[in-house]
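The values are calculated or read from the model by the stated rules, or taken from the named source; none is laboratory data. Predicted model, so just to flag it, every value in this text is computed and none were measured. Positions of Cβ are backbone-derived with ideal geometry, glycine not excepted, and every protein chain shown enters the neighbour counts. Note: accessible area is taken over every heavy atom of the protein model, side chains too, but ligands, DNA and RNA are not part of it. Shrake-Rupley method; radii C 1.70, N 1.55, O 1.52, S 1.80 Å.
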Amino acid sequence: MKTEVLALSLLVCVWPSIVGVQAASSQPDPLHRQYREGEKLVYHMKGVNEAWHYEIEADGVVKKDAAGKFFEDFQWTHMESGGQPIQLAASAGDFRQRLTLDPDQNPSMPDLTKVDPKMIGPITDMMTFYVDLWLANKLGVLKKTGDHFYFRNPMPPSSWADGTHVLVGESAIDFDMTLKSVNAAAGTAMLEVRHVPPEKSALPEKAAWMQVPVGAAPNNWMAVGKTPEGKFEAGVGEETFLVEITISLSDGHIVSATMDNPVKTIQRTCEDEALTKCGDAKPHLIVRKIEIAMLK
């Protein structure tokens, strides 16, 4: 799903709201990142995207740019599926992903048009972990175990439609954040970020049947594509993320993280683009699970 890609655009667009919240607390921040130039960070990622299971490594180093700002520079390597190596495009060796947990910097979106398509999932999922923790750092209101903040999305639904294969592709999310634990003995903190449907549906549903909630919350995910036969495959449903991030109290780096991203949908094949002449609804559960763990 594309929500993890679109979250970054949301955060940059609502910057004034974030700054206003940040000023509300002056207590020490257990999630604060303290960078050291040259620090090495290597993560092993395991991913499940419906039937596709894969593993890949992100090999990173802390660098400082010309303005003196720290960032983490990652190269993706050793992708495999089913225990077998996956050949990536030659350009993969040159691609570097820049990530940061510095609240004084804006996270930046990589140019995904120039990467091997097989790497898009790992790249955007890693960005989700970093953006979620970056947002918690920027807000600066999660200080002790149990602290909670609900970040309402003021922006309209984001689109990932390309106009060719995906005619409509939209999703809407809020952020529900909780500092689950601060464990001084273990030297770690646990941050939970739930990406949840807004209380009121913000999707511009194309047909009446799309307005009926598929899950317990209003529908917040919608997609329409065109088949080679000229028909329209349409789906609507409820997308959520449960992200849990373990953070080092010593310097704020990510120790490990998990993501559970189910999308509960109904799918219909329709004769018309207005989606009024459709076949029976077929339930379909899209399941994605991602985990990362630091190797050294």
Between Glu39 and His148, with labels modelled 7 Å along Cα→Cβ, what's the label distance in nm to one decimal, could you check?
-> 3.1 nm
What nm value, rounded to one decimal, do you get for the distance between Asp280 and Ala66 when each label is placed 7 Å out toward the C-beta?
-> 6.3 nm
Two-site FRET efficiency, Leu249 against Asp272, from Cβ-Cβ distance with R₀ of 51 Å, rounded to 0.05 = 0.35
Enumerate the helices in the chain for which the Kyte-Doolittle hydropathy averages -1.0 or more and the C-alpha atoms extend at least 20 Å along the helix's axis, using complete DSSP H runs.
-> 120-139
Pick out, from Leu179, Ala281, Pro213, the residue whose Cα sits farthest towards the positive end of the charge dipole of the chain, with +1 on the Cβ of Lys and Arg and -1 on the Cβ of Asp and Glu.
-> Leu179
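If r is the Cβ-Cβ distance from Lys226 to Ala293 and R0 is 41 Å, what FRET efficiency results, to the nearest 0.05?
Details: r = 40 Å, r/R0 = 0.98.
That gives a FRET efficiency of 0.55.
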Determine the relative contact order of the chain: mean sequence separation of Cα pairs under 8 Å and six or more apart, normalised by residue count, in whole percent.
-> 17 percent
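Calculated from DSSP H runs of 4 or more alone, at -39500 (n - 2.57) each and per residue, what is the 222 nm mean residue ellipticity of the chain, nearest 500?
-4000 deg cm²/dmol
Show Thr124, Thr145, Thr188 ordered by accessible area, largest first, where the area counts protein heavy atoms only and the probe is 1.4 Å. Please list the in-between numbers first.
On the way: Thr124 5, Thr145 80, Thr188 35 Å².
Result, largest first: Thr145, Thr188, Thr124.
Mind checking the full-extension length gain between Ala185 and Asp73? Use 0.36 nm per residue of separation minus the Cα-Cα distance, one decimal, nm.
Working: separation 112, 0.36 × 112 = 40.32 nm, distance 3.02 nm.
Separation in residues times 0.36 nm, less the Cα-Cα distance, equals 37.3 nm.
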Proximal aspartates and glutamates relative to Lys63, as straight alpha-carbon distance under 15 Å, when same-chain residues fewer than 8 apart are discounted = Glu37, Glu39, Glu72, Asp73, Asp102
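So how strong a dipole does the chain carry about its Cα centre when Lys and Arg Cβ are +1 and Asp and Glu Cβ are -1, to the nearest 20 debye?
Rounded to the nearest 20 debye, it is 340 debye.
Report Rg/Rh for the chain, rounded to two decimals, where Rg is the Cα radius of gyration and Rh the Kirkwood radius.
Details: Rg = 19.9 Å, Rh = 20.3 Å.
Radius of gyration relative to Kirkwood radius: 0.98.
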Residues listed by number, the stretch 81-96, amide nitrogen under 13 Å from His53 label point at 7 Å toward C-beta | 81-84
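Output the pairs from Lys180/Lys200; Lys114/Lys200; Lys231/Lys289; Lys180/Lys264 with a Cα-Cα distance over 29 Å in this structure; if there are none, say none.
Numbers: Lys180/Lys200 27 Å; Lys114/Lys200 37 Å; Lys231/Lys289 31 Å; Lys180/Lys264 26 Å.
With Cα atoms farther than 29 Å apart: Lys114/Lys200; Lys231/Lys289.
Please give the FRET efficiency for His165 paired with Ala90, using the beta carbon to beta carbon distance and R0 = 22 Å, rounded to the nearest 0.05.
Working: r = 25 Å, r/R0 = 1.14.
The calculated FRET efficiency here is 0.30.
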